[in-house]
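Enquirer: Starting off with a structure, shown below.
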Amino acid sequence: AQRMTYEAAERTAELLKKRQLPNELNAMRQAYFGKGLFDMPIEDAREDMFGKSYAKALGTSTNRDANRLEGNSNTEHKNAAAFDKTYSFRSLFKGFTLSIVDQVPSEIAVISLRNVVASAKMNEQRTSDAIAVISIGHMQIDNHCPQAPFAVALYPDDAAPAFEADNSTRNDDENLHDESRLPFLNVGLTFAPRHSSGITCLRAVTVEPRDVAIAVDLAFIMRLQRFLLGIQHHFERCSSPGVTGITDSDQMRPVDQEVWDFPDLEKIFRSRSSTAATASGGSEKLYFEGLTILPCNVRLSVAPSKALTPAQAALEGSEAAAIHAAVRKGDLLLQGDGESGAGVLGVKVGSTNRTAVAVIRGVFKSILVDALLRCDGASLKFSGVSLRNYISTTPQLCTYLGAHYIESLRNNVPALLGSLSFFGNPVGLIRGLGDGVSDFVNEPVKGLKRSVEELNPTFVVDGVARGTGSLARHTVGGIADTASLLTETFSKNMAVLTLDRKYAHRRDKAASLRNAEGGTTTFVDGIESGVVKLLRGVVEGVSGVVRAPMRGAERRGIEGFAKGIGKGLLGLLVKPVIGLSDAATDVMIGVKGSVEGAGGAQISTSARQRDQLRPRRPFYGRDRAIRQYNLADATAAALMMRTRLAGEQYLSHFDMGNRVALMSVKQALIIGDDGSGGGYSRELLVVRFKQIASVEVRRVPGSKDQLVWGVLIFLNRPRNNG
């Protein structure tokens, strides 16, 4: 008995050394069910772990010598290595594209991931380190809401300082090119061998994010929040007892289409988590030998939202149109956590200003929201995280990281306020002046060093010239940029005071066209555009005195006529001032463009206006059916929004060489090239489907007296316009 006790102690010591000894809970469970270490009968487990010869000797005799014990010990290691398996996994994906479509249906955003690599390596018995690595090469989120001021909401920030054209530029450009190819996100995990305590031990966790640029408007945030809340409500409805999750639209489907209830993912995750926690004897703990999250910078741009046109509102739905209109008016609500199922931000839909006091309050509310929600390139710096020998649970870790980044965001509040366009972006001005002063000092020093190395004094003169020019460009350009932001903010706020929505829409449309074309880039262009806008403001103010009363009388009679007189007189005072402010804005933008262009490194503030991955998804027919994405249909649907068919449901299109036939659910339109290189913009023929009597396909005379196949459309009655 004493010898068997010694042998059992030796076996226990070896199991502890290999970390194969079960904890107290698992040992009690194995003893109760008669199972061994690897979920099998004790006899089989003993043979696999200790070898057949040792197990047979242990069952028949208790007398063994030391040499036999040492031989069986070597057999154990060989058997353990023979039964262990190593798994390696590596996958490379060219990319993923996720389209976010609401219940209208209407596409809100497109999330694209490129060059996704995932790899892992581990052994079955977890006696060595396990490694997992995930890398995302590129990520981009496109904003597909109509009238969006930014085409792309999130993308890697490739902004970098421009380098001067000298012999050292080549190496700097190569480094910049290599940096631009860095992955968007790298996550590396190294798991330690399985520990007998049941705690998940990680030797190293490294998260390496890349600097990102975010450009959003409030309407996009509201619609995305509304989409996510809809998903949450759907899960809650499916998980509630007595609810099948099948809606009325599902019951209207054909009989041959089988419908499955959506699985309750939250219940599955909770059951798995509770099982794992119970198996480990409590809440699962994590031990980090090293946790590192590298710092990152976020360049934030926010612009006010724009109201939808009637054609866009017809396609987006009444709720989306109401959200855009409410955000445009500044009817925002901050909702607390006490409201179940409500988001952080909300809008007051359908509010109207019926009294003079309400009108004045609404005007100033719109001005305040517009001032606080417009910034251009605010630089937010988030510090990294470094933890060593840290043990906690998953909720504790999430709470710690959340508090860390909230504190970092709080530290960025001064920089965020200083980047608001309402104050003229003073942070950007100070940053530009700092760069100019730095170049003014460093460039002559670089020239002096190079002159000493190559014994050529001309490099000193070039360095002084480059430094002085950089200081002048940054000073003049920064002051002009600040002045243009102040005058632009003043113009937009004054446009709200006119109480003329059509006038505000025309200004927004003109600004969008200017941004799409690149805006004014020279001082001469700025003077020309400024004079045109000044004259336009005067004309709008004078003509509004006549048009506003007539328009009000047509809508509401005498009351509308009286209100129209007030709007006309207000516009006569305000609109010329807006024209003068717009002229000053364009002149300042022209000064900035000329100064930066003279330096050979023009940096446009609209650099965030990147190209989208693809055009917006089309929906087909009266039911707005969703089909597999087709680039030609998406291009045709976008082209149809610029024709007289705007606002109608897209059906199909047909490419006819130098002409294109666009078909909605009501009519067909044939457009052709206008000959000026501007694309398909000339409308040749429009036919309503209800006017068509029949259609024939037959051979007709073509060019050079040859018969070609043609489509003949016969109408119910002759057209009045021929």
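Enquirer: Based on this model, can you work out whether residue 509 counts as part of a helix (DSSP H, G or I), modelled with pLDDT of 75 or more and of a type in the set (Lys, Arg)?
Expert: No: the conditions fail for residue 509.
Enquirer: Could you grab the pairs with beta carbons closer than 8 Å, sequence gap of 6+ or different chains, first residue in the stretch 459-487 and farther than 12 Å from residue 593 by Cα and of a type in the set (Phe, Trp, Tyr), second one open to solvent by 60 Å² or more (accessible area, probe 1.4 Å) and in a helix (DSSP H, G or I)?
Expert: Final answer for the pair search is 459/448.
Enquirer: Return the residue satisfying two criteria in turn: it lies in the stretch 373-428 and is of a type in the set (D, E, K, R) and under 21 Å from the mean Cα position of the chain (by Cα), and of such residues it is most open to solvent (accessible area, probe 1.4 Å).
Expert: 381
Enquirer: Suppose the filter is in a loop (DSSP other than H, G, I, E, B), open to solvent by less than 30 Å² (accessible area, probe 1.4 Å) and at pLDDT below 70; does residue 343 pass it?
Expert: yes
Enquirer: Looking at (1) at pLDDT below 90; (2) more than 21 Å from residue 98 (Cα to Cα); (3) part of a loop (DSSP other than H, G, I, E, B), find the lone condition where residue 606 falls short.
Expert: (3)
Enquirer: In the stretch 302-320, which residues are hydrophobic (A, V, I, L, M, F, W, C) and over 16 Å from residue 143 (Cβ atoms)?
Expert: 307, 311, 313, 314, 315
Enquirer: With the checklist (1) more than 32 Å from the chain's Cα centre (by Cα); (2) open to solvent by 70 Å² or more (accessible area, probe 1.4 Å); (3) within 30 Å of residue 374 (Cβ to Cβ) in hand, flag the one item residue 470 doesn't pass.
Expert: (2)
Enquirer: Residues that are open to solvent by 30 Å² or more (accessible area, probe 1.4 Å), at pLDDT below 90 and within 30 Å of residue 105 (Cα to Cα): does the stretch 130-150 have at least one?
Expert: yes
Enquirer: Can you pull out the residues in the stretch 610-634 that are surrounded by 11 or more Cβ atoms within 10 Å (Cβ to Cβ), modelled with pLDDT under 90 and among the acidic types (Asp, Glu)?
Expert: Result: no residue meets the conditions.
Enquirer: Follow-up question, since we're still on this one. Which of the residues that make up the stretch 482-508 are among the basic types (Lys, Arg) and open to solvent by less than 70 Å² (accessible area, probe 1.4 Å)?
Expert: Once the filter is applied, which keeps residues that are among the basic types (Lys, Arg) and open to solvent by less than 70 Å² (accessible area, probe 1.4 Å), the stretch 482-508 yields 492, 507.
The values are calculated or read from the model by the stated rules, or taken from the named source; none is laboratory data. All values derive from a computational prediction rather than experimental measurement. Cβ coordinates were reconstructed from backbone atoms using ideal geometry, including for glycine residues, and neighbour counts include every protein chain displayed. Side chains included, ligands, DNA and RNA excluded: accessible areas come from the protein's heavy atoms. Shrake-Rupley method; radii C 1.70, N 1.55, O 1.52, S 1.80 Å.
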